[in-house]
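Okay, so here's the structure we're looking at.
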Amino acid sequence: MLCVFSMVAVTRVRSQSSEVALHGGIALNAHAASFTQLGNYASCCPEFSGGSGFGYWFGAGYRLSIAKHWLIGASLIYNSQQGTMDYSELSVVADLRDTPRVRQAEFLHELTSTVTSLGIEPHITFRVGKRLDLSLGMRIASVFTHHFTQRETLQKPEDYGEYLGAGRTWVNHDADIPDAASIYLGLLSSIRYAIPLNNSSSWLIQPELAYIAPFSQVTTSASWSTSDLRFGIGIAHVFGTDTAVAIPDTIYGKPKETQPPSPPPLPDPPVASIQVRILNDDSNATVDSILVEETKYVDYLPVLPHVYFDLGSSTIPQRFRVDKNDLTDNTKYSESSKAIQSVLLTVAKRLMDNPKANITLTGCTSEAESSSDANLARNRALAVQAMLVELGVAKDRIDIKARKLPLAATRASKSADQQQADEENQRVEILSSDLDILQPMVLSTVDTTITPDSIVVHGRASADGGIKYSAAIPFTSVEAQSHRWEYTVAIPSPRRTDSAFIEVTDSLGRIARASQTIPVSVMTVERKLTEQRGNAEIERYSLILFDFDKADITPAHQHVLAKILKRIREGALVQVYGMTDSMGSDEYNMDLSRRRAMEVARALGLTEDLVYALGARNPRFSNDTPEGRAYNRTVIIEIHKK
């Protein structure tokens, strides 16, 4: 007799599903542009280059699953794009009140816009797991409104100025964007996460983030496009049925019991380790943290009243040339190397600030030019006068003189230095009886030191049965290329605590992680002053410029030293550094720099242990130019304030 035993297993399979959704939110609109005006509307703006604004969007969508993890769909979305582009233009205006003068001015150019559109957004979606959707598609929209307003307003000076008697606002447009595009095209990418609201997951809340990169322009007559970064939320309903499927399991005869095979033993879990050593600069001993220390340097530099010329030429070299735009360019004084070559700009600004002051320009020639045109020296002075007049200085305030060699001429001690001596004598000297015209320049900079300047990072990763890993090495974008590694990392300029990190995943998906924090202590100038720690500020005086091959203190030098002596407070550390240019032998220049420093130290009442002779080593300025060599014939006095 044949006995048949039948077992039936029932499972539930979800058929093809679809969903409809309503969603909306806000958008950050980014405007990329490059134009000066729209259509025939008047505009004085040098260039509108971009801006931003906030808009909103809402609509409905439908999606259909076509395969495991894949869906297709489309949305109908109403979108409002808004934004503001502005440009602050620095210029000058003529102040005709009382004493006529030129004043700095600021003009604000503003353009705001609103563009609305209704469009369809077809897309394809890949579902990661059960809830996370990644989509890519297009936005094809019809533009409904395209409006803009534009204003140009005089902001500064606040107490003076108007546009030809028409008030402080010149342009005031409020109209539709000319030649506006009627179609908007863009590439859409989005990420969406579904949160179920009921047990069957038929109702969902869907936060989403999307970005639209434009293919089209706002107007056909200007370079102007807008992109959207959307933030929103939607509510969706999922349609689909569960189907019961019976799967028989028939066994002929008496059922036979079988034992499942024993699973293989699991491999050892993965291991990750990392170690960071912060080494002391002077030894292999470790320290607790990285110290970033700021020191403020205040440099007092004299105005060298010389403009140097090329051999046989009365054309001002390019490095000394300036124009009216430079009168409002503060970068000309942000670095000492730029400031010393901006002597004409400095003199012009000070003459305009001191309308009663006059100057004398004396043109000079070198020994190499002794057979040149007798008018060469005068023509050089006239070239400097012409540039000052171009900058706004009245011609009758400038006297012209000429001579062969300067009164304090540079004379070479050996033939190899003769060319450099000639370069320094081919110049125009600027003199003024008004002390304000040639008073010293004051430059302020903040120097940052990092202690130590590098760290050593060790990493190790291991796992049985396969491995994949990632490692983040601090202060660098380097990625580890092996399971064991060691890197010495140079520290740039950290402003916050960083960390080293490693993550290891084995073939079973098990994860091991290791990390170590690298503390960073930032000692700012403000913190030093508050906590009274270290040297918060160092005043550096280079106000004494010696004549070539000289070390004696003149009455003018004594006047400067008297002022510096008043800046020295009790407890301050004062150091004196003697320097020379590169002309002459190293041995002679070391002795000359020491004599210069000792003369200044004696005048300030300082002891010899605070004197340092540098010779021509570590020059502050380039010895390749005559003005650089003149500035290197100096003594630097540093006052360390605590």
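The values are calculated or read from the model by the stated rules, or taken from the named source; none is laboratory data. Note that the structure is predicted; figures quoted are calculated from it, not measured. Every residue, glycine among them, receives a Cβ derived from its backbone with ideal geometry; neighbour counts consider all protein chains shown. With ligands, DNA and RNA removed, areas are computed over all heavy atoms of the protein, side chains included. Shrake-Rupley method; radii C 1.70, N 1.55, O 1.52, S 1.80 Å.
Odds and ends about this structure:
- The label point for residue 193 and the one for residue 130, both projected 7 Å from the Cα toward the Cβ, are 1.6 nm apart.
- When nucleic acids and ligands are ignored and a 1.4 Å probe is applied, residue 268 ends up with an accessible area of around 100 Å².
- Summary of the geometry: the stretch 20-49 and the stretch 216-242, compared by the centres of their Cα atoms, lie 17 Å apart.
- Residue 585 - accessible surface, heavy atoms, 1.4 Å probe, Å² rounded to 10: 60 Å²
- Rolling a 1.4 angstrom probe over the protein heavy atoms with all chains in place gives the stretch 548-642 an accessible area of 50 Å² per residue.
- Couplings 3J(HN,Hα) of the stretch 170-187, computed from phi: 9, 9, 8, 9, 8, 7, 6, 5, x, 6, 5, 6, 8, 10, 10, 10, x, 8 Hz, in residue order, whole Hz [Karplus 6.51 cos²θ - 1.76 cosθ + 1.60, θ = phi - 60°; x for Gly and Pro].
- Largest-first ordering by accessible area, 1.4 Å probe, given options 364, 44: 44, 364
- The stretch 109-167 and the stretch 385-414 have Cα centres spaced 56 Å apart.
- Full extension of the chain segment joining residue 456 with residue 147 gains 105.4 nm, where the gain is 0.36 nm per residue of separation less the Cα-Cα distance.
- Carbon/sulfur fraction of accessible area - the stretch 547-642, other protein chains in place, 1.4 Å, %: 51 percent
- Here the relative contact order of the stretch 71-171, from alpha carbon pairs under 8 Å that lie six or more residues apart, stands at 29 percent.
- In this structure, the residue pairs whose Cα-Cα separation is over 18 Å, taken from 68/130; 401/550; 338/550, are 401/550; 338/550.
- For the stretch 337-431, the normalised intensity computed at q = 0.12, 0.20, 0.22, 0.24 Å⁻¹ comes to -0.43, -0.98, -1.09, -1.18 (log10 of I(q)/I(0), Debye sum over alpha carbons, equal scatterers, no solvent).
- Taking each residue as 0.36 nm, the span from residue 159 to residue 26 lengthens on full extension beyond its C-alpha to C-alpha distance by 43.8 nm.
- The stretch 571-642 - charge dipole about Cα centre, Lys and Arg +1 at Cβ, Asp and Glu -1, debye rounded to 20: 280 debye
- At R0 = 25 Å, FRET efficiency that the Cβ-Cβ distance of residue 397 and residue 313 yields, to 0.05: 0.45
- Trypsin sites (Lys or Arg not before Pro) lying in DSSP loop within the stretch 110-217, provided at most 11 other Cβ fall within 10 Å: 130
- Residue 147 sits with roughly 70 Å² accessible to a 1.4 Å probe, with DNA, RNA and ligands left out of the calculation.
- Averaged per residue, the stretch 335-399 has 43 square angstrom of accessible surface, using a 1.4 angstrom probe with ligands and nucleic acids left out.
- Calculated FRET efficiency for the pair residue 552/residue 431, C-beta based, R₀ 22 Å, to 0.05: 0.55
- Distance-filtered residues of the stretch 359-393 - backbone nitrogen under 16 Å, label point 7 angstrom along residue 325 Cα→Cβ: 391
- Computed E for residue 92/residue 622 - FRET, C-beta separation, R0 30 angstrom, nearest 0.05: 0.40
- Solvent exposure of the stretch 36-165 as accessible area per residue, Å², 1.4 Å probe: 54 Å²
- Counting only the Cα atoms, the stretch 504-642 fills a convex hull of 214 Å³ per residue.
- Heavy-atom accessible area order for 233, 430, largest first, 1.4 Å probe: 233, 430
- The GluC sites (Glu not before Pro) of the stretch 540-641 that DSSP puts in a loop, and whose beta carbon has at most 16 other beta carbons within 10 Å, are 570.
- Candidate residues 89, 369: accessible-area rank, largest first, probe 1.4 Å: 89, 369
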